[in-house]
Amino acid sequence: MSNRSLEKELKHYFGFDTFKTGQKEIISDVMNGRDTLGILPTGSGKSVCYQLPAMLAEGVTVVVSPLVSLMVDQVKALKAKGFKRVTAINSFLSQEQKKQLLSQLSHYKLVYVSPEILQNPLVKERLKTLPISLFVVDEAHCISQWGHEFRTDYLKLANVIETFNRPTVLALSGTATPEVQKDIVTQLGMTDMESHIYAMDKENISFAIEHVEHPNEKLVKIEQLLKYQHAPTMIYFSSRQWAEKASGELSSNLPDKRVAFYHGGMEQSDRLLIQQQFMNDQLDVICCTSAFGMGIDKKNIRYVIHFHLPTQTESFIQEIGRAGRDGKHSISVVYYSPSDDYLPKKLIQSELPEAPDIQKTLNYLFNLYQSGAKLPVDELVQQELELTETQWRFIKYHCHQHHLLYQQTIVFNRDKWKDFHTFLTNQVENRFQYKMAKFSELISWVHRQGCRRKSLYQPFQTSLKTPVVPCCDFCGFDWKNFTFGQKEAVMIQQDWNERLRDIFLLGDKHE
């Protein structure tokens with residue numbers, strides 16, 4: 001298909017006259033059957049890179065997406081554009097709904113799934129019967145960021161690709177160092193991928209860092225900052241308790257601001273409600289953990305404030321990239337106190353089992369083997385062994401990889417078990433050192449003297465765009481006296497056709 005034809009199809013399906021940077025190149029390669037890695041800045045329209053081919057090509061496109069809320073939003077958005085042959089297989093479906101959806105799966109051209117749902121034998125067998133032509137890993141940095149510990153099913157995608165008769169593969173991300181790009185390609189089992197790597201710095205974001213003595217001082221300063229600001233704001237925390245505490249205090253002290261909290265400990269329905277309220281300008285400020293934000297396509301976020309830092313620079317860049325998707329001036333503010341190193345280090349430690357955990361787990365598995373019992377469900381194992389979900393997933397994944405587990409059956413080999421203990425201990429130490437080094441990189445950036453923008457993006461790209469807004473506090477931006485002025489939020493006016501459409505979309509049980 002010619003580029004001219006692609007432009008026509010883009011206009012027909014999405015209403016855009018021209019492609020954004022990188023979209024046409026990636027789509028052309030995918031349409032020609034080439035495995036492709038695309039690294040595009042956050043907010044640059046990565047989803048079009050697979051949604052348009054899904055509409056144009058023969059066969060089915062399967063998209064691996066990390067979050068249910070992201071799947072739901074994208075399904076709704078596509079249906080609103082008139083593309084009805086799209087669905088998501090996710091945990092929101094009841095058993096009856098899932099059964100019905102799987103029986104009708106051949107009706108769809110675009111199917112969203114999580115890496116975990118792809119390990120469901122029933123889902124996998126049903127998908128195998130479809131003519132899958134394109135396999136997409138959206139937010140592909142999750143393979144490297146989450147796959148090695150928390151969500152090990154990301155590391156099984158290479159086997160899934162082979163199971164689906166080796167369709168064309170597209171991996172997309174907004175942030176990936178050369179090291180992470182290599183890991184994505186390796187873990188997907190690709191030997192020859194076309195790469196389209198674009199600069200990820202955004203010219204419309206200003207940077208500021210303020211050092212404080214105590215975390216409580218941060219709340220006072222955030223309150224002072226927001227008092228005269230009228231702009232959608234995201235505040236990131238590493239602690240659910242802090243997110244809730246800050247939300248409560250800001251709500252009390254800033255009565256004209258609509259504030260809510262969001263974290264992974266909430267019910268999914270509550271999280272979706274908060275997300276939709278923020279998207280529709282019914283909330284001004286959201287106090288959230290990293291569970292919020294991936295795939296959030298809200299154009300007018302003006303402030304991304306970090307009360308706590310994440311554990312790596314890539315996550316920080318992803319989070320600030322949610323600001324200013326409309327191209328207008330936005331600001332990243334980091335409040336840093338001397339005690340801020342403690343929480344991220346604690347989070348890293350909680351993701352990995354310690355040496356006594358490994359020995360205790362092997363003893364537990366051996367006792368089950370001797371008794372002839374199968375491995376119980378994950379929740380019971382975690383409770384019995386007093387492991388976090390992440391720690392158990394890490395151990396369980398490597399047990400499967402070393403053939404000590406086959407589904408729920410324990411396979412015993414004395415020499416293998418002895419070697420496995422040594423291997424896993426070394427693996428834990430290597431991952432801990434790696435993750436601590438990643439965190440140290442971000443801490444070094446906070447303390448470094450010099451242009452914030454330049455030092456943040458240097459490890460990711462060879463050149464920087466010229467900012468179209470004041471660069472950073474180090475380069476002279478007086479962010480404390482800056483205001484965005486009048487409230488930008490505008491209630492969306494809908495005609496009766498749009499209202500009916502939204503009602504029917506909300507009632508679609510396959511979303």
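The table for this structure:
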{"item": "Binned Cα-Cα distance frequencies in segment 233-346 - 10 Å width, integer %", "result": "14, 49, 33, 5"}
{"item": "About the Cα centre, charge dipole magnitude for segment 233-336 (Lys/Arg +1, Asp/Glu -1 at Cβ), debye", "result": "180"}
{"item": "For Val377, net neighbour charge (Lys/Arg +1, Asp/Glu -1) across residues whose Cβ lies under 15 Å away", "result": "-2"}
{"item": "Phi-based couplings in Hz for segment 61-66 (Karplus 6.51, -1.76, 1.60; Gly and Pro marked x)", "result": "9, 9, 10, 8, 10, x"}
{"item": "Cleavage-rule hits, trypsin sites (Lys or Arg not before Pro), segment 171-279, DSSP coil, Cβ neighbours within 10 Å at most 15", "result": "none"}
{"item": "Neighbour cut-off at most 13 other Cβ (10 Å), DSSP loop, chymotrypsin sites (Phe, Trp or Tyr not before Pro), segment 179-255", "result": "Tyr228"}
{"item": "For Val60, distant residues with modelled amide H under 5 Å away", "result": "Ile132, Ser133, Leu134"}
{"item": "Separation of alpha-carbon centers, segment 73-144 and segment 258-281, rounded to whole Å", "result": "24"}
{"item": "Percentage relative contact order, segment 368-434, counting C-alpha pairs under 8 Å, at least six apart", "result": "28"}
{"item": "Computed over the chain: relative contact order in percent, which uses C-alpha pairs under 8 Å that are six or more apart", "result": "17"}
{"item": "Bins of 10 Å, starting at 0 and running to the largest distance - Cα pair percent for the chain", "result": "3, 17, 27, 28, 18, 6, 1, 0"}
{"item": "The chain: antiparallel DSSP beta bridges as a percent of all, rounded to 5", "result": "5"}
{"item": "Cα gyration tensor shape of segment 368-434, rounded if a/c is under 1.5, else prolate or oblate by comparing a/b with b/c", "result": "oblate"}
{"item": "Within-11-Å neighbourhood charge of Pro467 [Cβ basis; K, R +1; D, E -1]", "result": "+3"}
{"item": "Hydrodynamic radius of segment 3-198 per Kirkwood, over alpha carbon pairs, in Å", "result": "16.8"}
{"item": "Proximal aspartates and glutamates relative to Lys8, as straight alpha-carbon distance under 19 Å, when same-chain residues fewer than 8 apart are discounted", "result": "Asp17, Glu25, Asp29, Glu58"}
{"item": "Protection proxy ranking of 397-405, 77-85 - average other beta-carbon atoms within 10 Å, highest first", "result": "397-405, 77-85"}
{"item": "Proximal charge balance of Ser252 [Cβ under 15 Å; K/R count +1, D/E count -1]", "result": "-1"}
{"item": "Cut-off under 5 Å, modelled amide H: who pairs with Ala88 long-range", "result": "Tyr112"}
{"item": "Value of [θ]222 nm, deg cm²/dmol, for the chain, DSSP H segments ≥ 4, -39500 (n - 2.57) each, nearest 500", "result": "-13500 deg cm²/dmol"}
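All of the numbers you see were taken from the coordinates with simple rules; none came from a lab. Since the model is a prediction, treat every value here as computed from it, not as a measurement. Here Cβ is always computed from backbone atoms with ideal geometry, including for glycine, and neighbour counts include all displayed protein chains.
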